[in-house]
Structure formats: structure tokens, C-alpha cells
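> Attaching a single structure in C-alpha cells format; questions to follow.
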Amino acid sequence: METSPFERKRRHLLAEMNVVPYIDVMLVLLVIFMVTAPMLTQGIKVELPEISTDSINVDSAEPMIVSIKRNGDYWLKQGDKPDKQMKLADLTQTLQAVQQTQPKMQVLLNGDKNVPYGDVVKLMAALQQANVLRVGLLTETPSTPHE
């Protein structure tokens, strides 16, 4: 039996998928995430005072964290944004602007235990002038109880 020129031979489709390129991409992404993840979780390094206290309730969506380093530098952490070093006047203006748009904003102070008390009082006065009334102080839980 002769085949006519109009008849075609049936081709069998190959239904396999080459997954090697996908595995390569996945491994590259895994390495990228492993390298960048520790960088995202780091904040301003301060030595918090160790005090036994009750925990505070953070009821605002994203509290603002103001850090005071040992050398007197002020840093502001807003939500997912990176920490930003600011002068006290700029910090006060920024917090005052946010306070006007978010009246329930809460500010947490992250002060190094070696910061002079006068610097903490100066910051608290600046927050009060900016009408920021919801302020909390961050501390470390002591490893051994103090008596």
C-alpha cells in the first residue's frame, strides 16, 4: 500500500520537561536569600539596661524606634525602612509630622545603658515638644534576677 503525498507521518510528542535550569535558578536564589537575610534583621546595636519589668503593649501598627548610641547619635527606625541617623531637631520634626498623620503612633526608646542621663532627658523633652505622648523604654531582661 502506497502512502499519498498528502499523508504525514505521525510524530510522537516528547512530554518531558528539563528541570535542570530551574534547579540552577533556585540554588542561586537560595544563596542570595541566605546572604541577605542576616543583613535585614540587624538594627542599631546598643547595650540596653537589664531590668526586670512588665512588657508594654504595642498597639500601634508600626511603632517608631528611636535609638541613642553611646556616642550620643540618634537613629530612627520607621517600619521596614532602614535605620536612619538624624540630628535631634530633624528627629523631632519627623516624629511631629508622623504624629499629626497617625495620632496613635507609639515611640519606643532604645537607649544604650552608657548614655548620659541628660541625653535621655533631652530626647524625652524633645518628644514632649513634638506632642509625642505614647513613649516606651526598651530594656533587656536580665539573665540573673537582681535583688
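What follows is calculated from the coordinates using simple rules that are stated; it is not laboratory data. Source: prediction; values computed, not measured.
> Percent relative contact order of the stretch 64-137, based on C-alpha pairs within less than 8 angstrom and at least six residues apart?
Relative contact order for the stretch 64-137 comes out at 36 percent.
> Find the eigenvalues of the gyration tensor of the Cα atoms of the stretch 64-137, then list the square roots of 5 times those eigenvalues as equivalent ellipsoid semi-axes, largest first, in whole angstrom.
That gives 18, 13, 11 Å for the three semi-axes.
> Taking a cut-off of 24 Å between Cα atoms, list the lysines near K81, but don't count ones fewer than 8 places away on the same chain.
K45, K69, K104
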